[in-house]
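The block underneath contains the structure these notes are about, expressed in structure tokens.
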Amino acid sequence: MRGFVCALALLAIGASALESSNNWKQSHFLAPEQSVRVHLAIRHEEAQMDTFRTFLGEVSDPSHANYGAYATTDGLKDMLAPPPSRVDAVMAWVKTHVAEDAQMKFNKYQDYLTVVMPAAKANALFDAKMAYWKATSGPAHHHVRSVGSHRIPVEVREGQTGCHRVPLGVTGCHWTKEG
């Protein structure tokens, strides 16, 4: 997840830094009713990541008996899926804070949830101001990014709040335009 956290840090860079360093320029803010897909990364257990790193080391080491072995999609899911209680808690949070019938979809490993919601709701939940950004070089295309920083709500963030550990473990989020 370290790579994802680095990508998240990029979203928090101010507009002028993003324009000059990455060939992106803010185009316009999203309309409040514009649907966006919010992508939430759900924390893996450290023991799972240790198992995964061991597996990768073994299959990559020509001197190991497992060299060249591969994992099936189901095998990777078994190795990496967050605990069902964490997945259920994140879904419950979305139903409470977005909508009971929110459109949600997990990836096959159950560690990445995509939720469709109006831009106004995403802005409010994540303390963000989402805008279209357009490429200033290369192929013409847009991305949806937060202008300035954003936050992951304390109810779903992994870490400490006062004396209480927050159990849900959402480690990052980003968004894309719906449709």
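The values are calculated or read from the model by the stated rules, or taken from the named source; none is laboratory data. Everything numeric in this text was worked out from a predicted model, so none of it was measured. So basically every Cβ, Gly included, is an ideal-geometry build from the backbone, and we count neighbours across all protein chains shown. Remember, those area values only see protein heavy atoms, side chains included, never the ligands or the DNA or RNA. Shrake-Rupley method; radii C 1.70, N 1.55, O 1.52, S 1.80 Å.
Which one of these is modelled with pLDDT under 85 and either aliphatic (A, V, I, L, M) or touching a Gly at 6+ places or on another chain (Cβ under 7 Å) (or both): V156, V115?
V156
Among the residues in region 70-91, are any among the small types (G, A, S), over 25 Å from A47 (Cα atoms) and at pLDDT below 90? Outline the logic, then answer.
Taking region 70-91 and keeping what is among the small types (G, A, S), we get 71, 75, 81, 85, 89.
Filter once more, so that each one left must be over 25 Å from A47 (Cα atoms): none.
The answer is no; no qualifying residue exists.
Checking the condition closer than 13 Å to H39 by Cα and basic (K, R), which residue from K105, K95 passes? Walk me through how you get there before you give the answer.
On the way: K95 fails: closer than 13 Å to H39 by Cα.
Result of the check over K105, K95: K105.
Conditions (1) among the hydrophobic types (A, V, I, L, M, F, W, C); (2) under 30 Å from W24 (Cα atoms); (3) surrounded by 16 or more Cβ atoms within 10 Å (Cβ to Cβ); (4) within 18 Å of the chain's Cα centre (by Cα), marked per residue:
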position	(1), (2), (3), (4)
A65	yes, no, no, no
A92	yes, no, no, yes
D111	no, yes, yes, yes
P118	no, yes, yes, yes
A128	yes, yes, yes, yes
T136	no, yes, no, no
Return the pairs, sorted by first residue and then second, in which the second residue is in a loop (DSSP other than H, G, I, E, B), the first residue lies in region 98-109 and is within 13 Å of A41 (Cα to Cα), the beta carbons are less than 8 Å apart, and the residues are 6+ apart or on different chains.
Y109/A81
Quick one: how many residues across region 35-53 are outside any strand (DSSP E or B), polar (S, T, N, Q) and open to solvent by less than 50 Å² (accessible area, probe 1.4 Å)?
1
